[in-house]
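Each remark here refers to the structure printed beneath this line.
The values are calculated or read from the model by the stated rules, or taken from the named source; none is laboratory data. Not measured: the values here are computed from a predicted model. Every residue, glycine as well, gets a Cβ built from its backbone with ideal geometry; the counts of neighbours run over all protein chains shown. Ligands, DNA and RNA are stripped out before the accessible areas are found, and what is left, the full protein with its side chains, is counted by its heavy atoms. Shrake-Rupley method; radii C 1.70, N 1.55, O 1.52, S 1.80 Å.
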Amino acid sequence: TGYASSIAAATATLVIGGLFNLSEGSLSVNFNSVVIFDPKDSFGSLLWTYADVPSFLLAAIGAGVQAGVLGRIGVFLTRYRRRAEWRQSTVAKVLEAALLALLTALIFALLPAVVDGCEGVPEDDHYDDDHRRLSGRQLGGAAPRRYVSWTCEDETFSPLASLTLVGEEGAIRHLLARDGTLNFTPASLVIFLLAYFTACSLAMGLSLPAGTFVPNLLAGCCWGRLIGEVAVRTSLRDYCSNPGVVAAIGAGAQLGAWTRTSMAITCLIAEVTGDLSLVVPTLLSIALAREVAALIQHEAFTHDVLEVLGLPFSRQHSLHRDPWGGHGPSHQPPDSSLKSPVEEEGGSSGAIAVLEAEGAATSV
């Protein structure tokens with residue numbers, strides 16, 4: 001319940017607002033989209049065509065691969081970091097996190113130098129000389145985007161720097177935008193995706209609070225945007241939709257593959273984008289992405305990490321085998337050499353009933 005409430009509050013989704021309006025006796029519901037639309041488009045209209053289906057399929061397959069590989073890396077690093085002798089002290093854990101943060105900030109600050117190129121500021125945007133930020137285009141209820149000049153001249157900005165130096169939320173707004181004012185080159189998107197995916201992978205298992213929901217959302221957005229940008233550069237460009245549409249499909253597919261849920265993610269994407277026409281494509285893309293991710297990592301990342309940490313939880317064990325051999329991390333007993341957080345404090349884990357495949361309840 002707390003997790004769902006946090007997601008609803010962070011994304012200002014329609015369902016929560018709609019329930020509140022109904023409880024107050026009002027039937028009016030407004031979309032609060034984070035997507036920047038073209039003013040000629042209208043919410044709820046069909047903003048994709050059947051020519052986009054191949055792009056949707058590629059976005060779903062790639063998102064499933066990303067979710068599965070990221071989950072595998074996350075489980076491996078979590079297990080390794082709990083076993084490593086060199087990081088058992090608090091000082092080592094703090095230094096490790098600080099060093100990784102420093103390297104990430106340095107790489108993201110210098111990454112725009114890899115791709116040269118500056119673009120002009122859209123006519124309805126303005127330039128902020130104090131912070132060298134270009135912001136504007138608050139359409140469709142969305143918050144304004146930020147453009148980073150970096151080494152570009154006045155009234156111009158660097159597309160890659162506008163992804164690496166604006167934070168995750170700012171990058172997501174750029175990638176989901178459909179107003180056609182900013183066209184990312186495939187090279188810029190590939191470089192950003194590789195750097196961001198690597199940074200997310202290395203952060204798995206660190207001794208600090210860090211989520212995986214938004215990173216998967218951003219990685220899926222970037223992969224979908226890449227597919228969309230490539231599609232509009234082919235001979236079918238006259239029939240393809242805006243790359244921001246494919247970015248939304250990629251985001252939903254990767255979130256679905258990561259969490260192994262369908263309806264909740266579909267509702268989230270529809271509410272965040274304010275585009276009800278994407279409900280069916282999102283559902284089908286999530287179904288495909290989940291199957292692809294299951295070939296790489298049978299269970300969701302959360303389930304595998306719980307068992308790596310030795311934390312008991314109730315669920316029915318699947319009889320499917322891991323395609324990589326054996327039963328995979330989610331079907332192995334907890335590592336006896338690792339202590340759960342409760343045991344490390346010298347307490348008892350308590351009596352928790354665990355439902356086995358045969359239906360018998362045993363006490364842990």
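Quick notes on this structure:
- Residues in the range 252-268 that are assigned to a helix (DSSP H, G or I) and either in contact (Cβ under 8 Å) with a residue 40 or more places away in the chain or not β-branched (Val, Ile, Thr) (or both): 252, 253, 254, 255, 256, 257, 258, 259, 263, 264, 267, 268.
- Restricted to the range 170-198, and to residues there that are in contact (Cβ under 8 Å) with a residue 24 or more places away in the chain and surrounded by fewer than 17 Cβ atoms within 10 Å (Cβ to Cβ), the residue that is nearest to residue 115 (Cα to Cα) is 187.
- Some residue of the range 300-311 being more than 18 Å from the chain's Cα centre (by Cα) and at positive phi: yes
- Pairing residues of the range 269-281 that are at pLDDT 85 or above and among the β-branched types (Val, Ile, Thr) with residues that are crowded, with 24+ Cβ neighbours inside 10 Å and in a helix (DSSP H, G or I), at Cβ distances under 7 Å and at least 6 apart in sequence or on separate chains, gives 269/248; 269/251; 269/252; 269/282.
- Residues of the range 175-190 that are part of a helix (DSSP H, G or I) and touching a helix residue (DSSP H, G or I) at 6+ places or on another chain (Cβ under 6 Å): 175, 176, 186, 189.
- Residue identified as under 13 Å from the mean Cα position of the chain (by Cα) and either part of a helix (DSSP H, G or I) or farther than 30 Å from residue 72 by Cβ (or both) among 169, 153: 169
- Residue list for the range 48-66, restricted to those being touching a Leu at 6+ places or on another chain (Cβ under 8 Å) and open to solvent by less than 80 Å² (accessible area, probe 1.4 Å): 48, 51, 56, 60, 61, 64
- Failed item in (1) within 19 Å of residue 65 (Cβ to Cβ); (2) modelled with pLDDT under 85, with residue 312 passing the rest: (1)
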